[in-house]
Amino acid sequence: MSMFENFEFSQRIDNETEFMPLISIDEEDESQYNETYPDILPVLALKNTVLFPGIVIPITVGRDKSIKAINEAYDNDRLIAVLSQKDVKKENPLVDDLFTVGTVAKIVKLLRMPDGTITAILQGRSRFQLEELTQESPFMKGRITVLEYIETKDEMRLEALVASVKDMARQIIDLAPNIPSEAATMLRNISSNSFLLNFIASNLGSGIKKKQRALEENNILVKAELILEQMDGELQLLELRDKIESKVRTDIEKQQRDYFLNQQLKTIQEELGENPQQAELIALEARAKKKKWSKDAEELFDKTIKKVKRMNPQVAEYSIMLNYLDLMLELPWNEYTKDNFNLKNVLKVLDQEHYGLEKVKERILEHLAVLKLKGDMKAPILCLVGPPGVGKTSLGKSIAKALKRKFVRMSLGGLHDESEVRGHRKTYIGAMPGRIIQSLKKAGSSNPVFILDEIDKVGNNFRGDPSSALLEVLDPEQNTTFYDNYLEVEYDLSKVLFIATANSLNTIQPALLDRMEIINISGYSVEEKVEISKRHLIPKQRKEHGLGAKDVKVTPKITEKIIQEYTRESGVRSLDRQIAGVMRNTAKKVAMEEDYNVTIQADDIKKILGPIRFSNDLYQDAKTSGVAVGLAWTSVGGDILFIEASLSKGKGKLTLTGNLGDVMKESATTALSFIKANAERFNITNKQLSETDIHIHVPEGAIPKDGPSAGITMLTAITSAFTNRPVKPFLAMTGEITLRGKVLPVGGIKEKVLAAKRSGIKDIILCQANEKHVEEINKDFIKGVKFHYVDQMYEVVDLALS
């Protein structure tokens, strides 16, 4: 409630409280009241307000005790001690529920109402301190001591404070809409400083406690400062409210102005025979005549534009329908770019952009060859699967460049809303087409190369299943009639060359996987990485760092050192970052005009990239029995896996640690069962098996591990531990085992073999059935590695143990 807002009588009437204060016209300063007050007076408790000296307030009295106190005072000298309640909810307040400083009031008039209540008009006289309550029933009486203000010696400071109070009061009166203008005149006519402060404090919208604090203050200077502080808070609130109202008023006025101007403009245009909306629709129809769309699309467009013509341009749906028509016109209906049928040139472009990846290049050339001969063919839907950094996404750009098609990339990682693929219905606010249609609109062609990146990372939750929505997109039998919820008409996607990329097939929905042609892209060998660095990475990083060929030279030998000692990956992303580090170091030297060797040396690498991060010495420990090296396949490529077996006295218990999955645990159990069944063959006694606990651990326990390919490695580690024969150095193995003693083939052979080569492994034991997979690997990439092919688990032990 703002100051002076209820300058006249308040409309709200509560018990003992009740009206906002009025001014005493005849007497202002409490120092004029030279009356002598009795020591004991009836006490009246007020709710919700504080009575100040010099102020007149009307109150309605309803409580029995209060009525008796008013009657007692009115029948005698009409004086009553008025105190404010601390808690307004107390209906029968005691001495602890009242403030101890109040105001002696004179009952000016008493009105008895028909409902039994009394309305009394009280005039504040002097402040007092309640010493004690002498009577609590039938009404309260108390002993009082009249309080006087402390005389101030700093009259100038007091006058300055009072002037500030008056000035701030005038500002509040100007800003508050409910305060009458006469209030400013009244303030000017008040000559008493103490009454002025009492009057303003009484009318402020602050709480009871703040008003009571002002009443209790004996120092007039401090009282003025308290009131000035409360007024400042109220003034800030009023200024903020005025600012908000002014802004709202301005916005409304602008809207009204714009509306009237638009109506006038519309009227003028009608008088001149012009209609901008009509002209816009005519332009849309003219564009539609040039489109080569299907019959259904044409009929839908004509139907929609007729509806828009009948629509009031002011309604919200008008702009929605216009946007829809605009989308239909911007889509490349039956608009195709001409393919490059020069197959040799296509292969040349692909070879320039990417080294290796022969299977993908061959598949693209086959598609182009058929397209060239037949003239029309549905585009294949390819899925490139391989570890990160092998160039799956960038290959899509190269294919688009080679075919001279437009290129579109859509990232599916984390996609969890089906509407992202199919679009939203137009009935929703903010509806838009799905990302398939949006991408085609952006490409401006109906046969782009469309990369669906990270298709194995599509989400699935309560919003829908985007992978199920992709079934229609990636099915050659269905995507001729792809239906987008926003477009509401079928669109032909059969000429789009979709290329999906994934790191793993495990998380792709089987039905979706069935619709794609899977092409596995294996990791690169050291030799391939050296060649990729020479052809692509080094020139690219040189250019990005503002260097020329004369500024820095990186020999293949140095590149190989970086690959083997600073990276462990299937792709080349980490290698690219390390080469960038070398270029940054050189760029700094060139910029600072330092002398340096243009050709990077081996010693320079350690200074630039830091200590060696990976070493092949790790696999050379030939002294410890019970440790075997396995080969694993992960989503980031092949890797080396240690299997450690330790024996201790016990009862033949098997313990497995290292965050192993169920399949891997079963491999360990199978290996131990086979050893127990064939103990004599391995020179192991039954007593050893029954009195020895076995603990198998696979290091890097924070990483989950699973799969059957560690079977022969676990067999070798356990046998090595029992026979105390160490495994040969630089030997690794992979293969599944059975209880019959057979070694079964496993997958990911190329990745595993290349990982072994990177790690310095020289001998690899594989299943005989995996020989065909090794033959697919370029012989130059596995030079120096000897392969041992086995069928039986006995052969593994004989080859592995020294």
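The values are calculated or read from the model by the stated rules, or taken from the named source; none is laboratory data. From a predicted model like this one, the values you see are computed outputs, not experimental measurements. With ideal geometry, Cβ positions are generated from the backbone for all residues, glycine too; neighbour counts draw on all protein chains shown. Surface areas here come from the heavy atoms of the whole protein model, side chains and all, with no ligands, DNA or RNA. Shrake-Rupley method; radii C 1.70, N 1.55, O 1.52, S 1.80 Å.
Numerical summary
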| item | result |
| --- | --- |
| Inter-part distance where region 648-713 and region 496-570 are each reduced to a Cα centre, Å | 38 |
| Angle in degrees between helix 573-591 and the longest Cα principal axis of the chain, rounded to the nearest 10 | 70 |
| Value of Rg to Rh for region 295-433 (Rh from inverse mean 1/r over Cα pairs, i.e. Kirkwood) | 1.11 |
| Amide hydrogen neighbours beyond the local backbone of residue 627, cut-off 5 Å, H modeled | 645, 727 |
| Rule-of-thumb Rg ratio for the chain [Cα; 2.2 N^0.38 Å; N residues] | 1.65 |
| Alpha-carbon Rg with Dmax, taken over region 523-579, Å | 10.8, 32 |
| Nitroxide proxy distance, nm - points 7 Å out along Cα→Cβ at residue 613 and residue 136 | 8.3 |
| Tail beyond 23 Å, pair distance distribution of region 473-617 (Cα, percent) | 54 |
| Whole-percent pair-distance distribution, where bins are 5 Å wide, for the alpha carbons of region 404-497 | 3, 14, 23, 27, 21, 9, 2, 0, 0 |
| Counting DSSP beta bridges with both ends in the chain, the antiparallel % (nearest 5) | 60 |
| Fully extended contour minus Cα-Cα distance, from residue 78 to residue 700, at 0.36 nm per residue | 214.6 nm |
| Cα-Cα P(r), region 141-257, percent of pairs per 10 Å interval | 12, 37, 28, 14, 7, 2, 1 |
| Violating pairs (Cα-Cα greater than 27 angstrom) within the set 649/742; 153/211; 442/543; 106/209 | 649/742; 442/543 |
| Accessible-area ranking of 518, 558, largest first, probe 1.4 Å | 518, 558 |
| Ranked order, 333, 633 - accessible area, probe 1.4 Å, largest first | 633, 333 |
| More than 10 angstrom apart: percent of Cα pairs within region 198-237 | 68 |
| Calculated over region 686-756: convex hull of Cα atoms, volume per residue (Å³) | 127 |
| Rg(Cα) / (2.2 N^0.38 Å) computed for region 368-419, rounded to two decimals | 1.45 |
| In degrees, nearest ten, helix 556-566 long axis to first principal axis of the chain (Cα) | 60 |
| Å² per residue, accessible surface of region 68-138 at 1.4 Å | 48 |
| Mean shadow area of region 549-672, taken as a quarter of the surface of its Cα convex hull (nm²) | 11.2 |
| Estimated FRET transfer efficiency (residue 256, residue 506; beta-carbon r; R0 60 Å; 0.05) | 0.45 |
| Region 265-373, accessible surface, carbon-and-sulfur percent (1.4 angstrom probe) | 52 |
| Percent accessible area from carbon and sulfur atoms, region 177-253, protein chains only, probe 1.4 Å | 52 |
| At q = 0.10, 0.12, 0.13, 0.23 Å⁻¹, base-10 log of I(q)/I(0) for region 81-178 (Debye sum, equal scatterers on each alpha carbon) | -0.50, -0.69, -0.78, -1.17 |
| Per residue value of the accessible surface for region 221-315 (all protein chains in place, 1.4 Å probe), Å² | 75 |
| Accessible area of region 540-696 belonging to carbon and sulfur atoms, whole % at 1.4 Å probe | 48 |
| Kirkwood hydrodynamic radius of region 185-335, from inverse mean 1/r over distinct Cα pairs, in Å | 22.2 |
| Computed over region 277-316, the ratio Rg/Rh where both radii use C-alpha atoms and Rh is Kirkwood | 1.01 |
| Kirkwood-based shape ratio for region 706-802, expressed as Rg/Rh from alpha carbons | 0.95 |
| Structure-based [θ]222 nm, the chain - -39500 (n - 2.57) summed over DSSP H runs of at least 4, per residue, nearest 500 | -13000 deg cm²/dmol |
